[in-house]
Amino acid sequence: MTENELWFYGLPFGPAHSGSGNFRVQLWVDGEKIVKARSDPGYLHRGFEKLMEYRMVWQDAVLADRICVLEPLNWNLAFAEAVDELMGWEIPERAKYIRVILSEFTRIQSHLIWFAGASIATGFQTGFMLSIGYRDYILENIFEPVTGARVYPTGYIRPGGVRWDVPKDFREKCEFTLKKVEEGVNDLERLLFSNSVFKRRTQGVGVLSKEDAVRLGATGPIIRASGLETDVRRDDPYEIYDELEFEIPVRDEGDAYSRFWIGKEEIYQSIKIIRQALDRMPEGPHTLRPVAFIKLKKGEAYSRVEAARGEAGIYIVSTGDYKPYRVKIRGPSLLHLIPVLEHLLIGSEVADVPVIYWSLNTCPADMDR
Amino acid sequence: MSWEEIISEYKPVKQRPRRIWVNVPKEEVYDVIRKLREAGFEHLSAISVTDWLNEGVFEVTYHLWSYSIKTLLTVKTKIPRDDPVIKSVVPIYGMSAWIHERELHEMFGVVFEGNPDLSPLFLEDWDGPPPFRKDFNWRDYVREKFYSKERERDKAYWEVWLK
Amino acid sequence: MVETEKKVMARKLGRLVRAVWIFNWFNSCGCTELLPVVSSRYDMERFGLIIVDNPKHADCLIITGYQTIKSIKRVVRIYNQMPDPKVVMALGSCPITGGMYWDSYNTIKRLSDYIPVHMYVPGCPPRPEAVFQAVGLLVEHVRKLKEEVSRK
Amino acid sequence: MMYVLLALYIIAAPFIVGALGILYGMVLKGIDRKLTARMQGRVGPPLRQPFYDVLKLLEKECIIPENAVKWLFNAAPLIALAASITTLLYLPIGPFPPLFSGNGDLIVILYLLEVPCLAILAGGFAAGSPYSTVGSQREMVLMISCEFPLAAAIIALAWKYSSIYPGLKAFSLTTFVNNPIWNNVGVLGFIGVGILLIVMLALSTSGLGRLPFDIAEAGTEISGGMLVEYTGRNLGILYINDAVRVVVFATLINAMFFPYKLSPLIANYVALPLAASLTIDFLFYLFKVFLIAFVTVTLMRVAFPRYRVDDVVKFYWGIAGLATLAALILIVMDTFFGW
């Protein structure tokens, strides 16, 4: 704080603000220009890493979906991966395919929420209504029949496989949903991504250069929009991603529009992945037995998963007990919301704050943990 | 210097493809990480601290990823628990390291020398010790703070935990 | 005197339930299930419920999910900013007992210790239908209140 | 006797017009919400939902912020509503001539349109909240940038009238209504007036503070802007004012560009009594107002996100300003060359 800043007045953005999630950025503005921004997280801090130390591993698997409500299955997957790696388990093929399909559906629905956020940020009600409406197809046709709940799968993807096999009409349901989702994304492409006002609002806003993206620790769609072709699914493959064919969309501009665009292209890629996985899915057991009471081996493991908003990592340390000794959760939003957001906000205008905030595809819950 | 040469003297352990773990003494960890950054490990995935209460040490782990080599290299080091001071990696990794270190300072009380800002991040009006330390009995704290002995509904929490 | 006060209250509530403006205190859990309620799938606007951007325009505060020590202070402040008559609805199991975070050092365990809560909707997170049922119960309650007043 | 009736008319008519403006504005609001919902694939609220909203708002507690300028804060909504209804008195309601008219009533209307904005703006500054201050600043920018195209459009049309009918009052809406502009121009002028119509439609969207120009309220940016501190009765009055202004703008555009009546067309075939023709024209007027409101409010809201404040300025000073100038030149050429 220098003396000069007394002349600018403070404008809080959030937490009780429909443009933000449960998160606050204190802005210091000069007219409409932002001269300083400071993130203030912690509204959702629950101490997950400590909670997990106090619970058994199979309880932690249930807890893991709550890390980020917008994509619970990806976090579930990350935790299951970490335990699998620690135990040295090779899980059944069918379980791998189910995991991949569900993870991709989670990515699609998370991206649809992202576009709803983009629409809210620019005051575009129609886009919001459509994206959330189409997201409901996934919740109702995939998540509810498969995992038993619309949002939280309560540990469906668990260490050693998945909790139970998919229902018999899974394939038909997936195909129906994919058709609907494709329809929805095509709609959004016409309504949102070709909309001249939306382009005007997002193009050239919040430009993040490649060097800055690497330096500030951006991952996932954010860094791909800045021109670095990287994806955990390809670089550090888990499950069956090394057998599947898919492209990694990359753009060089690094502005808000290209970030949204990457999200849209990723939905198409996810649809492609799901179709491939459905074709190749083998019959067989869905889980290793017995997996109910897991006594962890002594050791440590670090699992990385490409979540919808970036790299999700779980570092697990065990001393050979039923409970993990230490769990570290690496959420992508922590870096996106604090260093990247503060960097992008300086010099931009108040009107652009929601656009920049939503273009980072963040989830305050996985930042605070 | 290639990255294999840098870590070869510290006996790296290869867990599986793309996962390498290495133990480095406290004094050399900053230099090793700086060299690794120059050798291509440009992404700091996470920093973590493990509290080994019985040995009286904090184990600080740096998970480094390289976009070109495509390997996750975990650098581990141990610092004494009663004097938890370590040199910050902010000069190497910039603001992404800053935020991890700020969080660990709050949760474990580890002091990172050279970090520009270690102010509290998540907790507000916190009156206990750093909460992720193993010697902080979390459940006792919660019971004292949130559950009252007098209230009928809360009695179960007291009775079960006291056993 | 008390009777007239009751009558006034019943009239006010009767008008309130026909056009409930909701301020949603975003806490991620319930928020994801509140989005379908707003959007084209369940469309709560057909019952006159809309989301407003500002607590001062709101009649109903929906608190979705756990509250941490940091956020409960803001909730109390938002509650005080809302004009009377106001209703508080808590979504999810966490505001009732602490839910999954019953032993977390940073979440509060019972919302009604901090602000008056008129309705709890259990679930983790509650389904969209549950939100509608809650609103239906609210309307029913007001109708009974009105009948009671008019009978005397 | 004559004078008593006249006095009664003068006293009663403003109330009737005001009531009509409020009622029809609310109905339009209901239709707008319903149609928006249908276009977004929803069911939408019942048509009478705006009435429920207002009744509820009038019942609610009215909070006045501690550091607000109380009298200004409370007076602003009333001034806004009064000014909006006064504007309506200067406008012809369908077949009925305006209550007040004179030599330059268009200029009065031009300024009366700004008064509600000014009042809310003053109320926003008086509220003493950073959000409402930012909102008021934005509203000021919006008003200033709208001014030029609006004035230029009216001057272009008035100049045309003064050149065709030197004897008539050019700046009077009565002239506009009696001589529809489209009948008096050639091809070039037709294009020019078309441009002016589009500019006026865009101007009325921004004058109403609706998407894509609702930068002063901007829910997700500054959470309600100028209205952020208003509650209860005050908010209810502002809500009504918002509804009335839709009618005001639609009526103005109707009078300037579409002052046609349906009754002469029907009278060709069937002889109509006076009351019947007045009713038909009045209903036709309501229909035209609905159409204009549908274009300026509902369609825009469904199809566009919000502009940024500097884009709005660029739009009005740049595109809209140039377009009105081009229209002016076209109309001038039309007059001189008579194409």
#### Entry: Which listed residue, of A:Gly284, A:Gly299, is surrounded by fewer than 22 Cβ atoms within 10 Å (Cβ to Cβ), within 14 Å of chain B (Cβ to nearest Cβ) and under 24 Å from A:Asn76 (Cβ atoms)
A:Gly299
### Query
Being acidic (Asp, Glu), more than 12 Å from chain A (Cβ to nearest Cβ) and not in a loop (DSSP other than H, G, I, E, B), is that true of even one residue in segment B:14-29?
yes
### Query
So is A:Ser103 of a type in the set (Ser, Thr, Tyr) and within 12 Å of another protein chain (Cβ to nearest Cβ) or not?
no
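Quick grid of which residues meet (1) in contact with a Phe, Trp or Tyr (Cβ under 9 Å, 6 or more places away or on another chain); (2) more than 12 Å from every other protein chain (Cβ to nearest Cβ); (3) farther than 20 Å from A:Ile262 by Cβ:
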{"site": "A:Tyr134", "(1), (2), (3)": "no, no, no"}
{"site": "A:Arg158", "(1), (2), (3)": "yes, yes, yes"}
{"site": "A:Pro167", "(1), (2), (3)": "no, yes, yes"}
{"site": "A:Asp187", "(1), (2), (3)": "yes, no, no"}
{"site": "A:Thr202", "(1), (2), (3)": "yes, no, no"}
{"site": "A:Glu211", "(1), (2), (3)": "no, no, no"}
{"site": "A:Ala218", "(1), (2), (3)": "no, no, no"}
{"site": "A:Leu228", "(1), (2), (3)": "yes, no, no"}
### Task
Enumerate the helices (runs of 4 or more DSSP H) found wholly within segment D:176-276, keeping only those where 3 or more residues are small (Gly, Ala, Ser) and either closer than 24 Å to D:Leu291 by Cα or in contact with an Asp or Glu (Cβ under 7 Å, 6 or more places away or on another chain) (or both).
D:187-207, D:232-257
### Message
So if I check each of C:Ile115, C:Ile96, which one is touching a helix residue (DSSP H, G or I) at 6+ places or on another chain (Cβ under 7 Å), more than 10 Å from chain A (Cβ to nearest Cβ) and not small (Gly, Ala, Ser)?
### Response
C:Ile115
### Summary
Filtering segment A:52-71 down to residues that are buried (at least 22 other Cβ atoms within 10 Å of the Cβ) and within 13 Å of chain B (Cβ to nearest Cβ) yields A:Met52
### Query
Within segment D:87-109, can you find the residues that are in contact (Cβ under 8 Å) with a residue 60 or more places away in the chain and assigned to a helix (DSSP H, G or I)?
D:Thr87, D:Leu88, D:Leu89, D:Asp105, D:Leu106, D:Ile107, D:Ile109
### Query
Mind checking which pairs have a first residue in segment B:54-68 that is over 21 Å from A:Glu229 (Cβ atoms) and touching a residue at least 24 places away in the same chain (Cβ under 8 Å) and a second that is in a loop (DSSP other than H, G, I, E, B) and of a type in the set (Val, Ile, Thr), Cβ under 9 Å, 6 or more apart or different chains?
B:Phe58/B:Val110; B:Val60/B:Val110; B:Tyr62/B:Val89
#### Entry: Residues located in segment A:1-32, provided they are at pLDDT 70 or above, surrounded by 13 or more Cβ atoms within 10 Å (Cβ to Cβ) and farther than 26 Å from A:Val69 by Cβ
A:Leu11, A:Leu27, A:Trp28, A:Val29, A:Asp30, A:Glu32
### Task
Looking only at segment A:299-321, count how many residues are without any contact (Cβ under 8 Å) to a residue 40 or more places away in the chain and not in a strand (DSSP E or B).
2
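Residue-by-condition table, conditions (1) farther than 27 Å from B:Thr71 by Cα; (2) in contact with a strand residue (DSSP E or B) (Cβ under 9 Å, 6 or more places away or on another chain):
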{"site": "A:Ala218", "(1), (2)": "no, yes"}
{"site": "A:Val250", "(1), (2)": "no, no"}
{"site": "A:Gly254", "(1), (2)": "no, no"}
{"site": "A:Ile271", "(1), (2)": "yes, no"}
{"site": "A:Pro285", "(1), (2)": "yes, yes"}
### Summary
When (1) of a type outside the set (Val, Ile, Thr); (2) in a helix (DSSP H, G or I); (3) crowded, with 21+ Cβ neighbours inside 10 Å; (4) within 14 Å of another protein chain (Cβ to nearest Cβ) are applied to D:Tyr52, the one that fails is (3)
### Message
Of the conditions (1) more than 9 Å from every other protein chain (Cβ to nearest Cβ); (2) assigned to a helix (DSSP H, G or I); (3) surrounded by 14 or more Cβ atoms within 10 Å (Cβ to Cβ), D:Leu47 satisfies every one except a single condition; which number is it?
### Response
(2)
### Residue list for segment A:235-266, restricted to those being of a type outside the set (Phe, Trp, Tyr), within 18 Å of the chain's Cα centre (by Cα) and within 29 Å of A:Val353 (Cβ to Cβ)
A:Pro249, A:Val250, A:Ala256, A:Ser258, A:Arg259, A:Ile262, A:Gly263, A:Lys264, A:Glu265, A:Glu266
### Query
Could you say which residue among C:Tyr120, C:Tyr105 is under 18 Å from the mean Cα position of the chain (by Cα) and either modelled with pLDDT under 80 or among the aromatic types (Phe, Trp, Tyr) (or both)?
C:Tyr120
### Message
Tell me the residue from C:Asp53, C:Asp59 that is buried (at least 19 other Cβ atoms within 10 Å of the Cβ), more than 27 Å from A:Lys180 (Cβ to Cβ) and at the interface with chain A (Cβ under 9 Å from one of its Cβ atoms), please.
### Response
C:Asp53
### Message
Cβ-Cβ under 6 Å, sequence separation 6+ or interchain: first residue in segment D:36-61 and under 21 Å from D:Thr296 (Cα atoms), partner assigned to a helix (DSSP H, G or I) and acidic (Asp, Glu). Which pairs?
### Response
D:Pro45/C:Glu45
### Query
Does A:Leu296 count as more than 21 Å from A:Arg107 (Cα to Cα) and in contact (Cβ under 8 Å) with a residue 24 or more places away in the chain?
yes
### Message
Among (1) within 20 Å of the chain's Cα centre (by Cα); (2) farther than 30 Å from D:Gln40 by Cα, there is one condition D:Lys261 misses while meeting the rest; what is its number?
### Response
(1)
### Query
What number of residues within segment D:75-124 satisfy the criterion of being touching a Gly at 6+ places or on another chain (Cβ under 6 Å) and closer than 30 Å to D:Leu274 by Cα?
2
### Task
Determine whether A:Gly42 is within 12 Å of chain B (Cβ to nearest Cβ), over 19 Å from A:Leu337 (Cβ atoms) and small (Gly, Ala, Ser).
no
### Message
Being charged (D, E, K, R), crowded, with 22+ Cβ neighbours inside 10 Å and more than 30 Å from D:Ile64 (Cβ to Cβ) is the requirement here; does D:Lys160 meet it?
### Response
yes
### Message
Checking the structure you have, find out if any residue of segment D:145-154 is closer than 19 Å to D:Ile181 by Cα and surrounded by fewer than 21 Cβ atoms within 10 Å (Cβ to Cβ).
### Response
yes
#### Entry: Unique residue being within 9 Å of another protein chain (Cβ to nearest Cβ) and at pLDDT 85 or above when the list is B:Ile99, B:Ile86, B:Ile79
B:Ile99
### Query
What number of residues in segment A:94-140 are surrounded by fewer than 24 Cβ atoms within 10 Å (Cβ to Cβ), of a type in the set (D, E, K, R) and either touching a strand residue (DSSP E or B) at 6+ places or on another chain (Cβ under 6 Å) or free of Cβ contacts under 8 Å to residues at least 12 places away in the same chain (or both)?
2
### Set B:Glu106, B:Glu152, B:Glu159: member being of a type outside the set (Phe, Trp, Tyr), farther than 30 Å from B:Pro17 by Cβ, out of contact with any Ser or Thr (no Cβ under 6 Å at 6 or more places or on another chain) and within 14 Å of chain A (Cβ to nearest Cβ)
B:Glu106
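The values are calculated or read from the model by the stated rules, or taken from the named source; none is laboratory data. All figures in this text were calculated on a predicted structure; none of them were measured in a lab. Note that we place each Cβ from the backbone using ideal geometry, even for glycine, and neighbour counts take in every protein chain shown.
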